[in-house]
1. Quick one: of K200/K330; K65/K216; K216/K330; K200/K385, which pairs are farther than 23 Å apart, Cα to Cα?
2. If we count every other residue with Cβ under 14 angstrom of T67's Cβ, Lys/Arg +1 and Asp/Glu -1, where does the sum land?
3. Quote the charge dipole size of the chain about the Cα centre in Debye, to the nearest 20; the model charges only the Cβ of Lys and Arg (+1) and of Asp and Glu (-1).
4. Using a cut-off of 9 Å between beta-carbons, work out the net charge of the residues near G417 (Lys and Arg +1, Asp and Glu -1, G417 not included).
5. Could you list F486, F213, F365, F258 so that the one with the fewest beta carbons within 10 Å of its beta carbon is first and the one with the most is last?
6. Put +1 on the Cβ of every Lys and Arg and -1 on every Asp and Glu Cβ in the chain; which of W447, V423, V400 then has its Cα farthest towards the positive end of the dipole?
7. Would you grab the residues whose amide H sits under 5 Å from the one on D251? Only those 5+ places off in sequence or on another chain, please, with H modelled 1.01 Å from N.
8. Using the alpha-carbon centroid of each, what span in Å lies between the range 199-213 and the range 162-192?
Amino acid sequence: MSTSPRPSPTLSQLVRTKPVEQSIADTHEPEHALRRTLSALDLTVFGVGVIIGTGIFVLTGTAAKNTAGPAVALSFAAAGVVCALAALCYAELASTVPVAGSAYTFAYTTIGELPAWIIGWDLVLELALGAAVVSVGWSGYVQSLLDSAGWALPYAISGADTDGWSFNLPAALLVLLLTAVILLGMHLSAEVTRVIVAIKVTAVLIVIVAGLFYVKADNYTPFIPDAVPVGHESGGKAPLIQVLFGYTPSDFGVMGIFTAAAVVFFAFIGFDIVATTAEETRNPQRDMPRGILGSLFICTVLYMAVSVVVTGMQKYTELSSDAPLSDAFKSVGADVFADIIDVGAVAGLTSVTMIMLMGQSRVFFAMSRDGLLPRVFSTVHPRFKTPYRAVLMLGLVVTVLAGLIPLEELAELVNIGTLFAFVVVSIGVVVLRRTRPDLPRSFRCPWVPVLPVLSVAACLWLMLNLPVQTWWRFGAWLAAGLLVYFLYGRGHSRIGRRGTVAPPPAGTVR
């Protein structure tokens, strides 16, 4: 008995899109529907909670010392503008297609199934690695505070990176605890995030206000130091732009401001995760733009304020590379504020880890509901209304990563993955404007297509400044994703099997 070979995919199959109406209709399936509980304030808190992490306590000083000098405040402003370009695109799509999945969902409704799979696969890696890396950083701060109190964890459970095997128990326990919080419902997650964000924003504001009393005007001179040539890297550590075009960025000077912007840009990563909660927002058409843009604005102002303070307290050439902000306070004899910074960092990293875990589970849930991953992971808990199977499975995976694997070198995959998502979303705005001009849009990204094109160009520029080895790893992960798609996702796609669009329930389309 012979069987006919499986037909090869056609281009139309690979770029088939999921209509917006179908995406909205799917959110009302009883076993796969999330509960709408979030307000604009909750979304803003989530945004601030995931953006403000170690970046505000470390990158502000290291970028000033190594790349921009006191002008690092302008670097944060430039990075904020680049993020704002992408944020405006996210705001339009999140309010027009208020469905879980963020960039994955937006790509599915605009560009097609295969691009959507690629970006979804990318986001799963980005958020898993991000949560693991941040939890390891959290463990380091906690152990630092314990050391200050005279307590030290045994080597075997400290996750120390010296010779010998060591399990990072604090990082693993943090991930397990936050997984449980996420599992118990979005309302509890929002309440916990509010408390944590209040603690860390208070710590940041105390640092800013207290630091102003130690600022010396002489430390701002020169505000833009003279440019310094940068030595060429080689092999996989060289930036892609250097390999392709021979261009090497300079430190300090006017161009140093933009070189530093490429560095501090990664302190802003996270606002896009707010879009993954669109399906759990009570009024996404109104509140999504407020949450995304509001959190980005607040964090940009805080970053700029902290950078002005730290470069005014201590000469930029004397700033430390490991803990520049706390060491700046120690240099003026204000050790108590160094402890406040450590507490703020612990709180900051807690919320970052939790929101990354939550965002990852929502992307995985959306892909599962569409059939591109096993549908079992899109079933929501009858009481908590969370995708509990996806949350548990992903939480356990990240727990293992956080406890066992040194991830420092893989952290740059988080950066390239985020920038890739920004590019896809920016393109998606232009495509949806052309293919579905009839859709009601409560928020419209201004100056389309000029602004999205600028967003794509800015993101590609930053991606080109990442090392070649990061591109290799990114390509390997995407190749693995393509294998999974063609072996499983394409054949199980609900859009591919259904071929028709179900009408949305009454009152669900604006």
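No value in this document is a laboratory result; all are computed from the given coordinates. Not measured: the values here are computed from a predicted model. Positions of Cβ are generated from backbone atoms using ideal geometry, with glycine treated the same way; all protein chains shown enter the neighbour counts.
1. From K200/K330; K65/K216; K216/K330; K200/K385, over 23 Å: K200/K385.
2. Charge balance near T67 sits at -1.
3. It comes to approximately 2080 debye.
4. Numbers: positive: none; negative: D122, E126.
Computed value for this residue: -2.
5. Going from least to most buried by this count: F213, F486, F258, F365.
6. Value: W447.
7. Here V228, V230 satisfy the definition.
8. 27
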